[in-house]
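Structure record follows, encoded as structure tokens.
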């Protein structure tokens, strides 16, 4: 679960927060992404992630899917499913067949997928790195982000790759102070999909024998 939250935290940096002290080119790119994202009332993403630490010989690869509708979300990552129905946060682990219930308000805001495109706050400076075509021939723009108060962050650098034509995030790399590096790649991104409310409900009937731990 610790690795799941670390990867989720990395995901949150796809769209913010960003702020002043940017170079003009990187700021223009980020502002364009922010302007477009404000029109997204829902989105879905298939992604792959890789957590590495050479010193600790750590190499964790995971595949996931995220669905977000307003303040509700459903995140599936490896053996974990995390659902926020707006009033309760359900964290289910398939291996143990247990689900923990908690208050969404107690969730770290940086780990909340529903705030993926709304955390446009001060706290980072950005720098343009390069514009290049990826392996599939898609033209991308690469931006680096640096926290303005690094002592308050567990990481020191975030590198975002954006699809230039679609103005959508394609990949992110987060470099942590402890030596961890998280590489996250969006395999598919859909803006404003039709998402049924039932997707954001934890239905015990679909998890026979599940142990429920109410931690509220």
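Rank the residues 212, 99 as a footprinting-exposure proxy: fewest other Cβ atoms within 10 Å of their Cβ go first.
Placing the least packed residue first, the sequence is 212, 99.
Students often check this: by mean Cβ neighbours within 10 Å, which of 23-31, 72-80, 45-53 ranks highest, and how do the rest follow? Display every interim value, and only then the final one.
On the way: 23-31: 16.2, 72-80: 19.8, 45-53: 17.9.
In decreasing order of mean packing, 23-31, 72-80, 45-53 become 72-80, 45-53, 23-31.
Please give the FRET efficiency for residue 165 paired with residue 59, using the beta carbon to beta carbon distance and R0 = 30 Å, rounded to the nearest 0.05.
0.35
At 7 Å along Cα-to-Cβ for each site, give me the label-to-label distance between residue 94 and residue 175 in nm.
For the pair residue 94/residue 175, the computed spacing is 3.4 nm.
Among 163-173, 87-97, what's the highest-first ranking by average C-beta atoms within 10 angstrom per residue? Provide the component values of the computation, followed by the final result.
On the way: 163-173: 18.2, 87-97: 15.5.
The packing order, highest mean first, is 163-173, 87-97.
Under a plain spin-label model, where a point goes 7 Å from the Cα along Cα-to-Cβ, how far apart in nm are residue 185 and residue 149?
Once both label points are built, they end up 3.6 nm from each other.
Can you tell me how segment 136-216 classifies by the Cα gyration tensor, rounded, prolate or oblate, using a/c under 1.5 as the rounded cut?
Working: a/c = 2.86, a/b = 1.41, b/c = 2.03.
Here segment 136-216 falls in the oblate category.
None of the figures in this text is laboratory data; all of them are computed from the coordinates on show. A quick note: this is a predicted structure, and the numbers were derived from the prediction, not measured. A quick note on method: Cβ atoms are made from the backbone with ideal geometry, for glycine too, and the neighbour counts reach across all protein chains shown.
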